[in-house]
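Engineer: Below are the structure tokens for one structure; questions will follow.
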Amino acid sequence: MLPRLLIAVNNPAFFLSHRLPIALGALRAGYEVHVATMDGPSVARIRELGLYHHVIPMTRSGANPLGELRTLWALWRLFRRLRPDLVHAVTIKPVLYGGMAARLARVPAFVAAISGLGYVFAAPPSRYDLLRGAACFMYRLALRHPNSRVIFQNDSDREMLARIGAIVPQQVLMIRGSGVDLDAFPAVPEPDGPPVAIMAARLLADKGVREFVQAARLSAGHVSGLRWQLVGSPDPGNPATITDAELQQWSREATVQCLGQRSDIAALYAAAHIVVLPSYREGLPKSLVEAAACGRAVVTTDVPGCRDAIEPDVTGLLVPVRDAAALAAAVQRLAGDDALRRRFGAAGRGLAEREFDVRHVVRAHLNAYDALLGRHTQPEQGAD
């Protein structure tokens, strides 16, 4: 009988964009793979790929206690009915509620992927003290499964959860991000013409979207002809979302070219020169991993996750968080120095090949699964 793996994620689209290679790798390695998410248009695609899917009632940002208990109850019921050998929880609510449900349902093995700790940890210390305290308590409950691994993408998140007593050293596994397909994100020469600085992200305040727009305003008329592009859409399910009114205002200003939600990120990076992410805190941002693979210089903030995704002054530049002037100056520096920008881009591709290859990421996850279940690690079919 095949070992049964259940991957719990909040959003089915996020599963497809960030965890699909791991699920398919597990399928090839002899696991029966199930996926639990909220409902959405991407569910059909998950099923088309040969994965079992289960809908869980969940909101990504809701704080209604009854709704949250309903999510916890639904996960517990699913675990009791399905009897997975291993649950892999990804994103904050599945980690918290899935971890508690896995302990209550006596799931044999549990993996938690910490891809960032959420806005309550990114906010100034006094602003969300009560919520932060509650989150710390829940992490302690969720992450102490007796047969578990907790995957971190950066040291800052690991240190935070160790400091609050949520983890022990034996649980910790460091895997730098969700990886990138190096063939799908090839390094190509920069295009001719004025330099383009591009940001691709959910349009949230804590992604630094407003600082990006302000930096573009401060850079108006730059001698290089620098242009700024913003890719993404508001996220009504997140309390930090940019409003539609703000986005319409930016479009009217035309300081930033607002491209909306796009799926052709590799092509957009190929047509740009600098990738920008002024986020307040991250796990390890996929946009910067993809930028490295595409051989593009990066400007990002000196915060957990972002600084872990680059080699400062080798593949990109770090700037202080929430500082639009510093952001503008760094982007202008790269816009005006073709040789430096291209040197950073070439080094970024090397970093991606060493650290971010999705095949390495998949293999590391399968090794963790096999270790928890006492399986002999099987080489994944098609892997190097």
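Engineer: Relative contact order (percent) for region 18-174, with alpha-carbon contacts under 8 angstrom and 6 or more residues of separation?
Structural biologist: In percent, rounded to a whole number, it is 16.
Engineer: Tell me, what ³J(HN,Hα) does each residue in region 303-314 have, in order and in whole Hz, if you take phi through Karplus 6.51 cos²θ - 1.76 cosθ + 1.60 with θ = phi - 60° and put x for Gly and Pro?
Structural biologist: Residue by residue, region 303-314 yields 9, x, x, 5, 5, 7, 8, 9, 10, x, 6, 10 Hz.
Engineer: What is the magnitude of the charge dipole of the chain about its Cα centre, with +1 placed on the Cβ of each Lys and Arg, -1 on the Cβ of each Asp and Glu, and no other charges, expressed in debye to the nearest 20?
Structural biologist: Using only the charged Cβ atoms, the result is roughly 1320 debye.
Engineer: Under a 5 Å amide H to amide H cut-off, with H placed in plane at 1.01 Å, what residues pair with Ser42 once short-range neighbours are removed?
Structural biologist: Counting only residues 5 or more places away or on other chains, the set is Ala13.
Engineer: Here are labelled values, (1) 56, 55, 54; (2) 93, 39, 36; (3) 64, 48, 39, and one is the computed Cα extents along the principal axes in Å for what I pasted. Which one?
Structural biologist: (3)
Engineer: Taking amide H positions as placed 1.01 Å from N in the peptide plane, with prolines and chain starts having none, which residues 5 or more places from Gln257, or on another chain, fall under 5 Å of its amide H?
Structural biologist: Placed amide hydrogens put Trp228, Gln229, Leu230 under 5 Å from Gln257.
Engineer: Just how far, in whole angstrom, is region 299-369 from region 185-208 if you go by their alpha carbon centroids?
Structural biologist: Using only Cα atoms, the two centres lie 12 Å from each other.
Engineer: Can you list the residues of region 77-119 with backbone N under 20 Å from a point 7 Å past the Cα of Thr59, pointing along Cα to Cβ?
Structural biologist: Flagged as within label range: 91-98, 118-119.
Engineer: Cα axis of helix 65-82 to longest principal axis of the chain: angle in degrees, 0 to 90, nearest 10?
Structural biologist: So the inclination is approximately 60 degrees.
Engineer: A further question follows. Short version: ³J(HN,Hα) in whole Hz for each residue of region 31-36, in order, from phi by Karplus 6.51 cos²θ - 1.76 cosθ + 1.60 (θ = phi - 60°), x for Gly and Pro, what are they?
Structural biologist: 9, 8, 10, 10, 10, 10
Engineer: Something else now. Round to the nearest 0.05 the FRET efficiency obtained for Arg47 and Ala220 when R0 = 41 Å and r is the Cβ-Cβ distance.
Structural biologist: 0.25
Engineer: Let me ask something else. Show the residues, 5+ positions off or on another chain, whose built amide H is closer than 5 Å to the amide H of Val319.
Structural biologist: Those lying under 5 Å, H to H, from Val319 are Thr300, Thr301, Asp302.
Engineer: Would you mind calculating the gained length between Asp302 and Glu353 on full extension (0.36 nm times residue separation, minus the Cα-Cα distance), in nm to one decimal?
Structural biologist: So the chain would gain 16.1 nm between Asp302 and Glu353.
Engineer: Moving on. What angle do you read, to the nearest 10 degrees and between 0 and 90, between the alpha-carbon axis of helix 338-351 and the longest principal axis of the chain?
Structural biologist: 10 degrees
Engineer: Expressed as an acute angle from 0 to 90° and rounded to the nearest 10, what is the orientation of the C-alpha long axis of helix 244-253 relative to the principal long axis of the chain?
Structural biologist: 20 degrees
Engineer: Ignoring ligands, DNA and RNA, what percent of the accessible area of region 155-249 is carbon or sulfur (1.4 Å)?
Structural biologist: The C+S portion of the solvent-accessible surface of region 155-249 is 54 percent.
Engineer: On to the next question. State the Cα centre-to-centre distance between region 236-280 and region 132-181 in whole Å.
Structural biologist: Here the answer is 31 Å between Cα centres.
Engineer: Counting only heavy atoms of protein chains, what accessible area per residue, in Å², does the chain have with a probe of 1.4 Å?
Structural biologist: It amounts to 43 Å² per residue over the chain.
The values are calculated or read from the model by the stated rules, or taken from the named source; none is laboratory data. What you are looking at is a predicted structure, and each value in this text was computed from that prediction instead of being measured. Methodologically, a virtual Cβ is constructed for each residue, glycine included, from the backbone with ideal geometry; neighbour enumeration extends over all protein chains shown. For the accessible areas, the whole protein counts, side chains as well, though only heavy atoms, and no ligand, DNA or RNA atoms are used. Shrake-Rupley method; radii C 1.70, N 1.55, O 1.52, S 1.80 Å.
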